[in-house]
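So the structure is just underneath, and the comments pick up after that.
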Amino acid sequence: MKKILCLFLISLTLLVIAHAQVLRSPNGKLTMTFALQTGGTPTYTLAFKGKEVVKPSKLGLELKNDKQSMLDGFEMGKVDNTTHDENWKPVWGEVSTIRNHYNEMAVTIRQAISDRIVVIRFRLFDEGLGFRYEFPEQKNLSYFIIKEERTQFAMAGNHTAFWIAGDYDTQEYDYTTSKLSEIRALMPKAITSNASQTQFSPTGVQTSLMMKTADGIYINLHEAAVINYAAMSLNLDDKAMVFQSWLTPDANGDKGHMQASCTTPWRTVMVSDDARDIVASKMIYNLNEPSKIKNTSWIHPVKYVGVWWEMITGKSSWAYTNDLPSVHVGITDFSKAKPNGTHGATTANVKKYIDFAAANGFDAVLVEGWNQGWEDWFGHEKDFVFDFVTPYPDFDLKGLNKYAHSKGIKLIMHHETSGSVRNYERHMDSAYKLMKQYGYDAVKSGYVGNIVPAGEYHYSQWINNHYLYAIQKAAEYHIMVNAHEAVRPTGIARTWPNMIGNESARGTEFQAFGGSKVNHVTILPFTRLLGGPMDYTPGIFEMDISKINPSNNSHVNSTLANQLALYVTMYSPLQMAADLPENYNRFKDAFQFIKDVAIDWQDSKYLEAEPGDYLTVARKAKKTGQWFLGSVNGYEQRVSDIPLDFLDAGKTYTATIYADAKDAHYKTNPQAYTIRKVVVNNKSRLSQVCAPGGGYAVSFVQK
Ligand code: NOJ
Ligand code: CA
């Protein structure tokens with residue numbers, strides 16, 4: 001019996017191998033194998049240095065209202081192999097030149113029964129695999145509805161994962177670190193009270209998903225170029241350790257409306273035995289199309305302050321009045337309403353921020369709560385709350401812009417859409433026109449609350465198309481966009497570089513809503529940041545929020561030195577100094593780092609990296625060539641010990657080191673820091689103790 005079984009297995013393997021197609025990465029470390037299983041089911045595997053990291057995993061899509069799903073019954077067609085190697089220059093970024101180097105295999109498979117063909121295109125980079133489904137124009141496939149995409153990622157073990165809950169409406173979770181088998185038991189409760197917020201499965205997690213195997217291999221599952229398609233989460237079979245794609249549905253429960261010719265986004269698997277390769281990877285960008293904006297001269301990095309933290313902490317309000325329970329934009333005469341006395345966006349207060357920005361070398365001031373509608377929004381889901389053009393009576397739109405411009409500062413517009421997407425689209429042209437009229441070139445948009453129309457989620461195909469529409473429309477007006485609560489970016493900024501920021505993860509605001517995990521910022525670079533920059537809003541110097549608002553007892557779980565390091569570790573061309581001017585004025589010597597640090601880079605060197613524990617990166621400023629370094633630390637005190645061999649050879653530098661003091665601790669002593677100056681060159685080593693929740697930041701000035 002055993003012999004027969006053996007023979008059967010061997011012939012089965014031979015059958016599979018007969019169709020196997022092998023693709024190797026340029027450096028030869030990764031091997032992808034594509035094969036049709038018996039029954040014509042497409043599968044792939046991925047091996048790193050000869051070790052299988054993705055076991056045989058099925059590929060395919062289940063269709064709605066269609067007799068034949070695209071899951072099996074396929075036969076091999078042609079296989080095209082190519083190789084690609086180019087350098088391209090991002091408009092802004094961590095490096096000035098990005099190499100896009102991969103070997104590609106496009107496999108055409110034909111489903112005999114339906115006479116349909118699908119192309120599965122694989123691109124194997126040194127640090128990972130990207131693949132997508134392509135549906136060429138053909139007689140038997142024109143319009144189709146996706147019931148579910150069934151792409152598997154079969155893991156080879158019970159890995160450690162850094163994960164957030166699968167949720168159609170928010171990504172603003174703290175990460176949980178656990179074995180895959182523990183996800184079910186540790187699944188957190190939904191974090192908002194949105195009626196539609198849906199954690200779809202007790203083992204459902206969002207991408208980007210970071211993992212580490214018992215033998216020290218780092219694996220990241222994500223996607224690239226999510227365009228005209230729903231965002232992908234992953235559902236884990238926690239017995240077999242197999243993830244399967246789970247797309248965000250629309251209000252009808254459908255997962256995608258397609259018309260051939262079309263493609264899915266890229267599904268990505270990054271692999272390395274060195275965690276630094278994952279954070280340094282530009283694979284997600286490389287899987288996106290080159291810029292569609294020809295003239296990009298109007299796109300620029302922005303360092304900004306804002307009338308913002310005072311609202312987030314509850315010290316002041318977005319709304320102008322408490323009087324009006326139901327206000328309809330443009331109908332109620334606000335000049336007759338009684339001001340609540342806490343409105344943040346008053347002309348006098350905004351002027352204070354403009355003066356502070358100008359005095360300290362910032363580019364811009366964000367002002368939230370400038371426009372009518374906030375009274376009406378809270379607690380309601382309405383299709384018509386904001387019109388994005390009508391200021392409150394105490395906000396001098398024209399005068400403030402004039403004042404800002406006279407000091408070399410721009411105001412950043414704020415559009416809280418309240419999730420009313422159609423309302424925003426109806427007003428978009430007039431809103432962008434108003435911005436141009438007064439000289440704004442950047443907008444922060446937001447999608448708080450349930451999406452209107454009702455039943456839609458934050459990451460479905462329909463709303464993903466809206467987010468891109470908003471960016472494309474903004475580009476027509478030469479406006480840069482920073483969208484909060486929108487779908488997490490998947491490298492689209494390569495194509496639309498006016499998308500200079502996104503939130504799409506748990507940002508600093510949560511530190512004022514009760515706090516975030518200490519090691520959050522050591523995980524984000526391995527997950528959220530792989531797809532694009534985050535408007536994380538760092539720079540909090542006062543960790544005791546009750547000092548700002550006595551009725552808010554939140555504590556910011558970070559040392560002050562850690563906050564400085566974030567300007568380097570959390571790459572973004574859009575960086576905020578989020579705290580109140582008065583808190584910066586109390587710590588002027590530490591604030592100097594925020595004033596000095598660059599926000600656009602010609603080169604970046606990841607020096608130390610371990611998800612959940614620490615990250616150290618050095619970056620060379622694009623314009624000045626000046627080096628900066630940032631290091632963030634997780635829960636445990638540690639010594640960061642690094643060679644400074646990235647510095648230019650033959651040069652001597654004064655390094656100013658902003659570090660945790662000996663007794664610093666994120667909880668008990670967060671504001672204890674030291675600043676010291678040492679003379680270094682590229683032969684020097686730096687050894688620095690980092691407090692729990694701490695870190696350090698360095699600026700290097702050539703002597
Ligand atoms: C949530 C955003 O993340 C925050 O930055 C903004 O201030 C509020 N929504 C109000 O729009
Ligand atoms: Ca948010």
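The values are calculated or read from the model by the stated rules, or taken from the named source; none is laboratory data. Keep in mind that this is a model prediction, so the values were computed, not measured. Neighbour counts run over all protein chains shown; Cβ positions are idealised from the backbone, glycine included. Please note that ligands, DNA and RNA were not included when accessible areas were found on the heavy atoms of the full protein model with its side chains. Shrake-Rupley method; radii C 1.70, N 1.55, O 1.52, S 1.80 Å.
Once segment 476-496 is narrowed to residues that are part of a loop (DSSP other than H, G, I, E, B) and open to solvent by less than 20 Å² (accessible area, probe 1.4 Å), the residue that is farthest from ligand 2 (Cβ to nearest atom) is Thr495.
On the stretch given as segment 595-647, residues that are without any contact (Cβ under 8 Å) to a residue 40 or more places away in the chain and among the acidic types (Asp, Glu) total 1. Assess whether Arg494 counts as being more than 22 Å from Phe593 (Cα to Cα), within 20 Å of the chain's Cα centre (by Cα), among the basic types (Lys, Arg) and within 15 Å of ligand 1 (Cβ to nearest atom). Here the answer is no, as Arg494 does not meet what is asked. On inspection, Ala578 does not qualify as surrounded by fewer than 23 Cβ atoms within 10 Å (Cβ to Cβ), small (Gly, Ala, Ser), outside any helix (DSSP H, G or I) and touching a Phe, Trp or Tyr at 6+ places or on another chain (Cβ under 8 Å).
Quick one: is Glu542 in contact (Cβ under 8 Å) with a residue 12 or more places away in the chain and within 15 Å of ligand 1 (Cβ to nearest atom)? Against the criterion (in contact (Cβ under 8 Å) with a residue 12 or more places away in the chain and within 15 Å of ligand 1 (Cβ to nearest atom)), Glu542 does not qualify. Considering (1) in contact with a Phe, Trp or Tyr (Cβ under 9 Å, 6 or more places away or on another chain); (2) within 16 Å of ligand 1 (Cβ to nearest atom); (3) farther than 21 Å from Val205 by Cα; (4) not polar (S, T, N, Q), the lone condition that Met480 does not fulfil carries the number (2). Scoring Asp169 on the criteria (1) charged (D, E, K, R); (2) in contact with a helix residue (DSSP H, G or I) (Cβ under 6 Å, 6 or more places away or on another chain); (3) open to solvent by less than 20 Å² (accessible area, probe 1.4 Å) leaves a single failure, condition (2). For segment 226-268, the strands (runs of 3 or more DSSP E) that sit wholly inside it and include 1 or more residues that are more than 23 Å from Leu141 (Cα to Cα), at pLDDT 95 or above and of a type in the set (Phe, Trp, Tyr) are 242-247. With respect to Thr177, determine if the residue is in contact (Cβ under 8 Å) with a residue 24 or more places away in the chain, within 16 Å of ligand 2 (Cβ to nearest atom) and farther than 21 Å from Met283 by Cβ. Judged against the criteria, Thr177 is not a match.
Scanning segment 497-519 for residues that are among the hydrophobic types (A, V, I, L, M, F, W, C) and away from ligand 2 (no atom under 12 Å from the Cβ) yields Met499, Ile500, Val518. Filtered by the rule that a residue be open to solvent by 20 Å² or more (accessible area, probe 1.4 Å) and acidic (Asp, Glu), segment 536-566 gives a lone residue, Asp544. Return a yes/no flag: does segment 450-465 have any residue that is within 15 Å of ligand 2 (Cβ to nearest atom) and at pLDDT below 95. Yes, segment 450-465 contains a residue that is within 15 Å of ligand 2 (Cβ to nearest atom) and at pLDDT below 95.
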